[in-house]
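Participant: One structure follows; several queries about it will come next.
The values are calculated or read from the model by the stated rules, or taken from the named source; none is laboratory data. It should be emphasised that the depicted structure is a prediction, and the values quoted were computed from it without experimental measurement. Backbone-built Cβ (ideal geometry, glycine too); neighbour counts: all protein chains shown. All accessible areas refer to the heavy atoms of the entire protein, side chains included, with ligands and DNA or RNA removed. Shrake-Rupley method; radii C 1.70, N 1.55, O 1.52, S 1.80 Å.
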Amino acid sequence: MPRLPYQLRARRNALIAVALFVTFIYYLSPSSPLQGNTARDEPESIWLQRLMNQNAVTSHRSTSSFNWSSVTPKYPPGKIRNLPKGRPLPLPAVQLKFPAETAAAAKRREARRKQVRDLFRKNWESYRKYAWMKDALQPLSGEYKDQFSGWAATLVDSLDTLWIMGMREEFDEAVEAVAGIDFGTSSSLTVNMFETNIRYLGGLLAAYDLSGRPILLQKARELGDLLYAGFDTEQRMPVDFINFEAAQEGEGLMVEGTVVSASPGTLSMEMTRLSQLTGDPKYYDAISRVMDVFYKGQEETRIPGLWPIYVSMLMPDVVSGSAFGIAGCADSLYEYLPKMHALLGGLEPKYEKMSRSFMEAADKAFFYRPMLPGEEDLLMIGTASVNDFGDVTLDPESEHLGCFVGGIYGLGGRLLGRKDWAEDLGPKLTRGCIYAYQSMPTGMGPERWNNAPCKSRKQCKWDEKVFADEKRMRREWATHIPKGFTTTKDPRYILRPEAIESVFVMYRITGRQEYQEAAWDMFTAVANGTATRYANAAVLDVTKAEYPLRQEDYMESFWLAETLKYFYLALSPPDLISLDEYVLNTEAHPFRRPQSSRGSHQL
Ligand SMILES: *[C@@H]1O[C@H](CO)[C@@H](O)[C@H](O)[C@H]1NC(C)=O
Ligand SMILES: *[C@@H]1O[C@H](CO)[C@@H](O)[C@H](O)[C@H]1NC(C)=O
């Protein structure tokens with residue numbers, strides 16, 4: 001089927017009347033094309049009607065059907081804390097002052113960057129054609145899926161990527177569609193706070209920061225008010241899942257007994273940015289209470305400086321657990337601490353203190369040098385558990401989700417003036433993930449793997465016997481995997497961004513060409529292995545180079561929001577989304593940082 005011609009949109013106004021009629025028919029018809037799950041093979045006439053439908057809706061409504069700010073909370077917050085006042089501090093520069101690029105280097109880089117944009121464009125066109133306004137396109141079947149309340153997750157998540165890649169016509173069309181999203185209804189009974197916050201709220205705020213389109217802030221505020229309802233609990237701690245109906249009725253919500261720490265810990269940047277942009281401090285107030293709990297508990301845990309993976313917002317209790325990690329389940333709790341320091345212009349000292357403390361402690365508890373046949377000097381990231389006697393045990397199991405950590409030591413190291421973090425730890429952690437990609441015969445890193453840890457980071461001689469013993473201990477997993485790895489426990493690559501994220505940050509900090517080369521190698525491997533007719537799909541086993549690779553009919557919105565954006569930025573001139581002007585949320589949505597020279601009102 002041909003892609004929808006742009007002329008159609010030009011003719012749209014003339015067709016509005018028809019479209020309204022079609023909308024009317026659609027609501028009457030139980031077998032409307034919107035209710036089917038496959039758009040791929042429908043006749044073009046139906047497909048065109050579908051699009052007119054959506055355009056008609058978006059042209060006539062921009063406010064959600066339920067006003068979330070009109071809900072009276074059962075548990076009122078009392079005194080509201082304001083954003084910190086004053087002139088933002090002049091924080092140290094994050095990015096290298098790049099020397100001028102030669103014409104030959106620029107030409108080669110631009111050719112590579114274009115390939116990233118072309119791949120994004122192919123994905124976007126498929127989403128637009130087969131999954132428009134749905135949460136996700138299914139990349140093998142061309143069908144679609146709603147898994148995040150049905151508010152067009154992929155569309156909202158992709159807005160700023162469209163802007164950054166200069167696809168302005170597509171951006172305008174998508175912004176127009178955002179006006180039609182109704183946060184007053186949800187495709188599921190409960191709303192996931194974490195995902196809604198990082199993908200939708202983060203996506204709207206960043207697209208607003210970049211473009212200044214008022215509708216984006218209006219929708220961000222509507223959604224922020226929905227998420228704010230998730231704090232209507234006895235102790236004003238957030239729930240993990242918002243019961244949609246109970247929240248609308250203002251009945252007050254019950255906090256879950258146990259949650260993963262990243263869940264309550266990853267609301268701070270978005271809520272803070274929303275307060276900064278709207279001038280309403282209530283969102284910042286809400287997350288400040290949560291971050292105070294983490295702040296007070298940080299040095300009281302079994303590994304001071306770090307929080308257990310499982311916490312309770314009911315008690316609340318963030319100190320008593322015994323399992324620790326900085327990858328999945330915990331990741332963005334840590335990630336947001338130095339980023340909050342940047343977003344608040346250094347005016348809230350808590351975030352700097354918490355950052356310094358966790359960065360010291362994580363280095364000791366989780367990072368280890370793996371024993372590798374080439375004796376490469378790099379670091380992997382494990383997890384740790386503590387027994388009742390306080391003994392800490394390292395589990396040398398790494399996750400792709402942990403690959404953001406190199407970038408955080410880069411960014412945090414610069415912001416906090418720790419050269420060793422930015423220039424030694426950050427690069428070694430980043431190289432650990434690059435190594436995991438390069439070692440696999442498909443050039444893609446696995447989701448989860450193990451190596452044999454060396455006792456010392458200084459000296460790590462390859463020892464065939466020690467390695468064989470270590471591998472034998474884990475033999476249930478060890479099959480045909482590359483030497484140096486004792487398992488690839490989960491050998492999938494599910495289009496995740498964390499490795500390229502750290503490569504991007506390291507490039508901006510150091511300017512070293514090796515990072516752009518690594519980015520390009522990763523991109524060519526990923527683009528090849530995950531390619532489908534419509535878009536890109538998760539692959540099931542990166543350890544087997546048997547083409548075509550086995551794939552899953554699955555494409556998360558973060559592929560367009562994060563992975564392709566980071567590939568693109570890593571190959572762009574360094575002033576595009578400079579890390580001295582923006583700080584990116586955990587879904588790669590850039591928020592504007594306050595500039596000390598512009599005065600405090602810029603917060
Ligand atoms: C939503 O409710 C609030 C509080 O009652 C009110 O100030 C606001 O104007 C309402 N918004 C809309 C769009 O009706
Ligand atoms: C990926 O690379 C393999 C091996 O070089 C090749 O056989 C295959 O056709 C490539 N696939 C795509 C989609 O480019």
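Participant: For residue 582, which sequence-distant residues (separation of 5 or more, or a different chain) have an amide H within less than 5 Å of its own amide H, given hydrogens modelled in the peptide plane?
Facilitator: Amide H neighbours of residue 582: 593.
Participant: On a straight-distance basis, which aspartates and glutamates could pair with residue 79 in a cross-link, Cα separation under 20 angstrom, same-chain partners fewer than 8 positions away excluded?
Facilitator: The qualifying aspartates and glutamates are 225, 232, 234, 280, 285, 292, 348.
Participant: Under a 5 Å amide H to amide H cut-off, with H placed in plane at 1.01 Å, what residues pair with residue 141 once short-range neighbours are removed?
Facilitator: For residue 141, no residues qualify.
Participant: Just to confirm, what accessible area per residue do you get for the chain at 1.4 Å probe, in whole Å²?
Facilitator: 38 Å²
Participant: From the cross-link list 419/471; 353/565; 419/458; 134/489, which pairs have alpha carbons spaced over 26 Å apart?
Facilitator: 419/471; 353/565; 134/489
Participant: Rg/Rh for the chain to two decimals, with Rh computed the Kirkwood way over all alpha-carbon pairs.
Facilitator: Reported Rg/Rh (Cα atoms, Kirkwood Rh): 0.96.
Participant: Right, next: I need two numbers for segment 427-472: Rg to one decimal and Dmax as a whole number, Cα atoms only, in Å.
Facilitator: Gyration radius and largest Cα-Cα distance of segment 427-472: 12.2, 31 Å.
Participant: Based on the mean of other beta carbon atoms within 10 Å per residue, what is the order of 76-85, 435-444, most packed first?
Facilitator: Taking the mean over residues of other Cβ atoms within 10 Å, the ranking is 435-444, 76-85.
Participant: Mind pulling the per residue volume of the convex hull built on the Cα atoms of segment 180-251? Å³ is fine.
Facilitator: Spread over its residues, the Cα hull of segment 180-251 gives 86 Å³ apiece.
Participant: Still on this structure: Name the shape class, rounded, prolate or oblate, that the alpha-carbon gyration tensor gives for segment 196-354, where a ≥ b ≥ c are the square roots of its eigenvalues, rounded holds for a/c under 1.5, and otherwise prolate holds if a/b is larger than b/c and oblate otherwise.
Facilitator: Oblate is the answer for segment 196-354, as a/c is 1.5 or above yet b/c matches or exceeds a/b.
Participant: Sticking with this one: Provide the three semi-axes, in whole Å and in decreasing order, of the ellipsoid equivalent to segment 273-312 as defined by the square roots of 5 times the Cα gyration tensor eigenvalues.
Facilitator: 28, 9, 8
Participant: To continue, here is another question. Sorted by accessible area with a 1.4 angstrom probe, largest first, how do 116, 293, 392 fall?
Facilitator: Sorted descending by solvent-accessible area, the residues read 392, 293, 116.
Participant: I've got another one for you. Loop only by DSSP, 13 or fewer other Cβ within 10 Å of the Cβ. Give me the chymotrypsin sites (Phe, Trp or Tyr not before Pro) in segment 323-390 that pass, ordered by residue number.
Facilitator: Loop-located and lightly packed - 389.
Participant: Sorted by average packing, counted as other Cβ atoms within 10 angstrom per residue and highest first, what order do 185-191, 265-271 take?
Facilitator: Order by mean packing, descending: 265-271, 185-191.
Participant: Starting from the Cα gyration tensor of segment 473-603, take the square roots of the eigenvalues, sort them a ≥ b ≥ c, and report rounded, prolate or oblate (rounded when a/c is under 1.5, otherwise prolate if a/b is larger than b/c, else oblate).
Facilitator: In terms of gyration-tensor shape, prolate.
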